[in-house]
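First the structure, in the form of structure tokens, and then the observations on it.
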Amino acid sequence: MGLLTLFSKAAPELLRIPSGSFTVDREGAVIVGTLPSTFPDELVHDISQQVLGAFREAGEAQLPLTELIVHYPSLKITAKELRGGAIIFLTPKNIANQR
């Protein structure tokens, strides 16, 4: 039995879908946020980098992008550009009430 536990992986931890917002500067550093403290900082960083990258690439392509909305099956991400930074809202979707 000890040999089997050597190759087993720990089960991934399920996260509660967050509700809140955070504001980042142009480098992606969080200025202020209302997300629960249990939400991983790595995910906040990843989300902010993707959002800032999208705004940056739109600017380089001379496309006027000031708001970005991403719909996932259980989460909605809304981001608004703020002079190089962004404010990002994470909103869980109630799957039971969707049509």
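Among the numbered conditions (1) modelled with pLDDT under 90; (2) of a type outside the set (A, V, I, L, M); (3) in contact with a Leu (Cβ under 6 Å, 6 or more places away or on another chain), the only one that residue 13 does not meet is (3). Within the range 21-37, residues that are closer than 10 Å to residue 88 by Cβ and in contact (Cβ under 8 Å) with a residue 24 or more places away in the chain sit with their Cβ atoms under 8 Å from residues that are among the aromatic types (Phe, Trp, Tyr) and assigned to a strand (DSSP E or B), at 6+ positions apart or across chains, in these pairs: 21/89; 35/22. Return yes when residue 23 is under 14 Å from residue 81 (Cβ atoms) and either modelled with pLDDT of 95 or more or aromatic (Phe, Trp, Tyr) (or both) and no when it is not. Yes: the conditions hold for residue 23. Among strands (runs of 3 or more DSSP E) entirely within the range 29-96, having at least 2 residues that are surrounded by 14 or more Cβ atoms within 10 Å (Cβ to Cβ) and over 14 Å from the mean Cα position of the chain (by Cα) singles out 75-82.
The values are calculated or read from the model by the stated rules, or taken from the named source; none is laboratory data. All values reported here derive from a predicted model rather than from experimental measurement. All Cβ positions, glycine included, derive from the backbone under ideal geometry; neighbour counts span all protein chains shown.
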